[in-house]
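Inspection log for the structure reproduced underneath, given as structure tokens.
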Amino acid sequence: MTNDDSRRPILVALPQAWDDDIQNKLLPELEQNGFDPIYTPSPDEAAAIIKSQPFEAVILYSDWALSNLDETSVGLIKLLKGKTPTITVISPKTFRKLHNRFFDELYFPPMHEYVTTPFGVEELMLRLKKTLGD
């Protein structure tokens, strides 16, 4: 990652189980598109980072976005809703628990978009650009 001020900071808060795809596909793609990605595989670290600095956008795991999904959820969407453009990656667990109600919990256009798993980096980048108005 770079500290170049002309690059746009973006937080990638996704589970460590996806680390290979994140490190080898998503982060390089974000960098090629002018972003300065900060990656965290921890919901608690993501919350601390979100509170400590502004981001151009956040790519967020749905299980961490919801405060009522289970005892490990930290409700990150509350920190972002209406403030930071967000792409939420809807997990099978979230979908099973909420079904189509995830629209009510996580989808607040125009600042929020979503992709479902599995997703392609190209799809995520299109949603990100749409959310940012690029």
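Values in this text are rule-based calculations from the coordinates and carry no lab data. As the structure is a prediction and not an experimental result, all values here were calculated from the model. Because the Cβ atoms are built from the backbone with ideal geometry, glycine has one as well, and the counts that use them run over all protein chains shown.
Quick notes
- Between helix 121-132 and the chain: long-axis angle, C-alpha atoms, 0 to 90°, nearest 10: 90 degrees
- Note on the chain: helix-only mean residue ellipticity at 222 nm, from DSSP H runs of 4+ residues weighted -39500 (n - 2.57) and normalised by residue number, equals -9000 deg cm²/dmol.
- Relative contact order computed over segment 8-132 (Cα-Cα under 8 Å; 6+ residues apart), in percent: 23 percent
- Taking the longest Cα principal axis of the chain as reference, the axis of helix 43-52 is set at about 60 degrees.
- Of all the options SER62, SER42, SER52, the one that moves most in a Gaussian network model of the chain with Cα springs shorter than 10 angstrom is SER52.
- Scaling the Cα radius of gyration of the chain by the globular reference 2.2 N^0.38 Å produces a ratio of 0.96.
- Inter-site label distance for ILE49 and PHE119 at 7 Å from Cα along Cβ, in nm: 1.6 nm
- GNM result for the chain, Cα springs below 10 Å: residue of ASP21, ASP63, ASP36 fluctuating most strongly: ASP21
- Cross-link partners for LYS51 among the lysines, with Cα-Cα distance under 20 Å and sequence neighbours closer than 8 places in the same chain left out: LYS78, LYS81, LYS83.
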